[in-house]
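A.B. asks: Got a structure here, written out as structure tokens. Questions coming.
Where a number appears in this text, it was derived from the coordinates with a stated rule and is not lab data. Not measured: the values here are computed from a predicted model. Here the Cβ is made from the backbone with ideal geometry for all residues, glycine too, and neighbour counts use every protein chain on show.
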Amino acid sequence: MKFLSNVQTTHKVFAALVLAVLYALPIFITSPVMLQIFILIFLYAYLTSSWNFVGGFAGVLPLGHSAFVGLGAYTSTLLYLTYNISPWIGMIAGGIVAAAFGLLIGLPTLKLRGAYFALATIAFAEGLRVLVENVEKLGPFEVRGPKGLLINLVGNSFKDFQFLSKVPYYYIILTMLVLVLILTFFMMRSKVGYYLAAGGEEPEAAEALGIKVSKYKLIAMAISCFLTALGGTFYAQLVLYFYPKSIMGLDMSYEIAFIALIGGRSTIMGPVLGAFLLRPVGELTRIYLGDTLPGLHLIIFGLVLIIVMRYQPRGLVEPVSRWLNILFDRIEKRRRA
Amino acid sequence: MIGYIESVINGILMGSIYGLTAVGLTLIFGVMKVVNFAHGSILMVGMFAAYWFITLTGFNPYLALVVVVPLLYFFGYYMQKIIIKPIFEAEKHVREPITVIIVTTGIWYVLDNLALLVFGAEFRVAQTSVTGKMVEVAEMYFPLAKMIGAGITLLLGIYLYWFLKHSRMGKAVRATSLDREAATLMGIKQSRIYNIVFGMGCACCGVAACVLVPFYYVYPTVGVPFDIKAFVIVVLGGLGSVPGAILGGIIIGIIETVGAQFMAATWTEMLIYAFFLVVLFVKPSGLFGLRQDY
Amino acid sequence: MALLEVKGVTKQFGGLTAVNSVDMEVQEGQIVGIIGPNGAGKTTLFSCIAGSHVPTKGSIKFNGTEIAGKKPYDICKLGVTRTFQVVKPFANKTVLYNTTVGAFAKTNRLDVAEEKAMEVLKLIDLYDKKDILAKNLTLPERKRLELARALATEPKLLLLDEVMAGLRPSEVAEMLPVIRKINSVGVSIIIVEHIMQAIMNLSEKVYVINFGKKIAEGDPHKVVADEEVIKAYLGDEYVANSH
């Protein structure tokens, strides 16, 4: 493992420990409600990590990623409902569809100032949502407009991507998250990663160094949309019922962006940290205060975002990793002594 | 035939008000290169202010302009000064001020949901002396409130155009939008220009709010549809261009009302997004190519 | 055949002619200077060669290939890399990272690119700063980083846009041997510069540009004696620079 050679031993031990705890967690937590909260944290961490490829590393601001969540969910579910194709295969198909749409949006806009890209992604997401809400039937597929799609319960079946217990979902999404983080790690240490960082920070200088900036941004966009759509299929199989507003609304797009910025965009762990901080706030206020104080969690999101951007514009992962490093250094010293 | 003319004119009337909100957005973008995502929420704040003013005093609805417009000017001025400025300073030299853009989204979330907490989700209608009145012109009927609204918009558009072209402050604003560094060297204090432009952008929302309230529902998320339309409009008109924003607004208004003659309202919404994406593909500098900042 | 051959290049912005039918040539291994008063069109000419501007008229041939109108990244791939007068480092990245970005022009592998970058940093005397963030460098160091990054792309021709502007005389004196060192490893150089001392010292040949037109070319010491040059440029500028 040459690529890990420059990572401190304490870091490796810590990472392994965290992973072990997360993988062992369902043994100790059996409450489906708690498991569901963890599943959603991982799902949002996963979606935000996927977003990060374009929103973080390519240095632009996509604000319509729920469209790709929706494309993933609708593609795999329609294939399953119409042709009984396993959602695992549908998942990949959804990813490809999403990547194609991502390229289509990125092609004209990624060359322009970032504001155009941000606005185009919003318009695309909203346009797609309205379109789906207006389509009852598309060729052989029953899209059912605003009524949404319902996946029939078949009980425990891996092929059908359905489980009665929350535990399999927990492991699936945790593994997806770990994989996307590993992919991020390797991407950051590759030519694509270096070129994206350069093009995001100083496009003019990057072009002078031989980088076709818009091409690399498009690559990032395609990867990002593909991965996001996989999360969409997972979400569809988790809830088994969804409609355009629930799966491709702008709220989800913004939440993903908020998590990324609060955690720290263009870092590996930022999205995970952001999801662990924001998601529980959302869940808990919704569960305990949802009826009396509607929208309170969104006020909290907004305020947290403003405050973090004011005092830690590069996200909370910076101070957190600084504290961890101090802690690790102490442990390392004690170990040596 | 007469039905189409009627809906085209109705589209122009409504579209000019869309254009007005878009003018505020484009002014701020032109100078700061920041898309203010809280723009619709500021419109919502203005609408609630106008609603309460009219409902509590029972005065003529357009008197609300006197109160609401300065109120929103200072709202925007201090929002920029207190919240946005420190964040903007930190990434002044960055080409894409992403942090600022996302912070305006945060402001939007806070404002909309605060309104939801305070006023509840219900739709309110202000009862005013012009509400529901129609005017007949050559067998066509137009809502009086929309006609007055479009008239006020037109006047404001002309004033803003004059202001930017000829007034001292307007020239300073344009200079800053062309080249920040150079403007600073000429002795223009950037941060003050930003405060003023933000204030003006929000004041445009204030005017739009006052002319909307006599014929439009008021509710906490009323800004969202206006916001998204304003985004589309500013890109159509060319980001940063004031006349482009008003023309873009009118186009959107016409698509909406004429489209409604042929299809369901949700489809016209689709049509607007599709039109927008096509423009981005074909002519990202906007339909009129008035600005080249992209 | 000349390495770079510029023929009749004209660049107009609206009604303004910034560069007016300029010819120039760079032979392999040469250091060529472009001088001229402020606003004479030096940087515009330079940007035409580097691909940041598309010339209105004329041809620019590099190694026999027409490059006028090509994009900067394609021109870089052919072997022409520029630096910027206002340095544009990737501020939040380390010196090594910055240089590695350049080195990726010739390889897809990180280890190869990093090795190349370190080699360049040693040549430029920036190796001991390799782990420092670019934003924490001093101005002369940033200028050198700009050089290192460009050099890491392994150009045959390096275009230096006022790499010495803003430096103190002692810092200029440190920069001169660095540029010569780069030249000695086989890189031809075009240098646009305000500081006469630097140009005189480095260039084998200079081109003098005024109002977009070439008014003189040749050996730096002869050009300085040219009457038109003195009249157009050195009159005020040289005096202003030497006190």
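A.B. asks: Using a 10 Å cut-off around each Cβ, can you sort B:Arg124, C:Arg144 from fewest to most neighbouring Cβ atoms?
C.D. replies: Ascending number of Cβ neighbours within 10 Å: B:Arg124, C:Arg144.
A.B. asks: Sequence gap at least 6, Cα distance under 8 Å: using those rules, report the relative contact order of chain A to the nearest whole percent.
C.D. replies: Working: 482 pairs, mean separation 99.0, N = 337.
Result for chain A is 29 percent.
A.B. asks: Please rank C:Arg142, C:Arg168, B:Arg192, fewest neighbouring Cβ atoms within 10 Å first, as an exposure proxy.
C.D. replies: Working: C:Arg142 20, C:Arg168 10, B:Arg192 14.
Fewest-to-most Cβ neighbours within 10 Å comes out as C:Arg168, B:Arg192, C:Arg142.
A.B. asks: Just need the relative contact order of chain B here, percent rounded to a whole number, with Cα pairs under 8 Å and 6+ apart. Let's see the in-between values first.
C.D. replies: Values: 487 pairs, mean separation 111.6, N = 294.
38 percent.
A.B. asks: Per residue of A:188-196, how many C-beta atoms from partner chains lie within 10 Å of its own C-beta, taken as a mean?
C.D. replies: Numbers: counts 0, 2, 4, 10, 2, 1, 11, 3, 0.
So the per-residue partner count for this stretch is 4.
A.B. asks: To continue, here is another question. Suppose only helical runs count, i.e. DSSP H with n ≥ 4. What mean residue ellipticity at 222 nm does that imply for chain B under -39500 (n - 2.57) per run, divided by all residues and rounded to the nearest 500 deg cm²/dmol?
C.D. replies: Values: 12 runs with 210 residues, N = 294.
Rounded to the nearest 500, it is -24000 deg cm²/dmol.
A.B. asks: Per the helix-only calculation at 222 nm, which mean residue ellipticity applies to chain C, given -39500 (n - 2.57) for every DSSP H run of n ≥ 4 and division by its residues, nearest 500 deg cm²/dmol? Present the calculation step by step, with values, prior to reporting the outcome.
C.D. replies: On the way: 9 runs with 90 residues, N = 243.
It lands at -11000 deg cm²/dmol.
A.B. asks: Rounded to the nearest 0.05, what FRET efficiency do C:Glu115 and A:Leu107 give with R0 = 45 Å and r taken as the Cβ-Cβ distance? Could you check? Walk me through the intermediate numbers first.
C.D. replies: Working: r = 36 Å, r/R0 = 0.79.
The computed FRET efficiency comes out at 0.80.
A.B. asks: Sorted by average packing, counted as other Cβ atoms within 10 angstrom per residue and highest first, what order do B:160-168, C:32-40, A:125-133, B:101-109 take? Don't skip to the end; give the middle numbers.
C.D. replies: On the way: B:160-168: 13.6, C:32-40: 21.3, A:125-133: 23.0, B:101-109: 24.8.
Going by the mean number of other Cβ atoms within 10 Å, highest first, we get B:101-109, A:125-133, C:32-40, B:160-168.
A.B. asks: Another question about this same structure. Given DSSP loops and a limit of at most 11 other Cβ atoms within 10 Å, what is the longest stretch of chain B that contains no such GluC sites (Glu not before Pro)?
C.D. replies: Values: sites that count: B:Glu122, B:Glu139.
Here the longest run is B:140-294.
A.B. asks: A further question follows. What whole-number distance in Å separates the alpha-carbon centres of segment A:56-102 and segment A:25-54?
C.D. replies: Centre-to-centre distance over Cα atoms comes out at 19 Å.
A.B. asks: Using the alpha-carbon centroid of each, what span in Å lies between segment C:11-75 and segment B:113-168?
C.D. replies: If we compute the Cα centre of each part, the gap is 55 Å.
A.B. asks: On to the next question. Give me a single rounded figure for C:29-35: the average over its residues of other chain Cβ atoms within 10 Å of their Cβ. Mind dumping the intermediate values first?
C.D. replies: Details: counts 0, 0, 0, 0, 0, 0, 0.
Mean partner shielding for this stretch: 0.
A.B. asks: Tell me which DSSP H helices of chain A clear both cut-offs, 18 Å or more of axial length from alpha-carbon atoms and a mean Kyte-Doolittle hydropathy of at least -1.0. Present the calculation step by step, with values, prior to reporting the outcome.
C.D. replies: On the way: long enough: A:9-28 (28 Å, 1.69); A:32-52 (29 Å, 1.32); A:66-83 (25 Å, 0.97); A:87-109 (32 Å, 1.68); A:114-134 (30 Å, 1.00); A:167-188 (32 Å, 2.25); A:213-239 (39 Å, 1.19); A:250-263 (20 Å, 1.42); A:270-289 (28 Å, 0.88); A:296-311 (23 Å, 2.31); A:317-336 (27 Å, -0.80).
Flagged H segments are A:9-28, A:32-52, A:66-83, A:87-109, A:114-134, A:167-188, A:213-239, A:250-263, A:270-289, A:296-311, A:317-336.
A.B. asks: Follow-up. Could you work out the relative contact order of segment B:71-217? I mean the mean sequence separation of Cα pairs under 8 Å and 6+ apart, divided by the number of residues, in percent.
C.D. replies: 42
A.B. asks: Let me ask another. What ranking do A:Met187, B:Met263, B:Met169 get, fewest neighbouring Cβ atoms within 10 angstrom at the top?
C.D. replies: On the way: A:Met187 20, B:Met263 12, B:Met169 15.
In order of increasing Cβ crowding within 10 Å: B:Met263, B:Met169, A:Met187.
A.B. asks: In peptide A:100-107, what is the residue-averaged number of other protein chain Cβ atoms found within 10 Å of each Cβ? Kindly include the intermediate steps, with their values, before the conclusion.
C.D. replies: Numbers: counts 0, 0, 0, 0, 2, 3, 0, 2.
Neighbouring Cβ atoms belonging to other protein chains average 1 per residue here.
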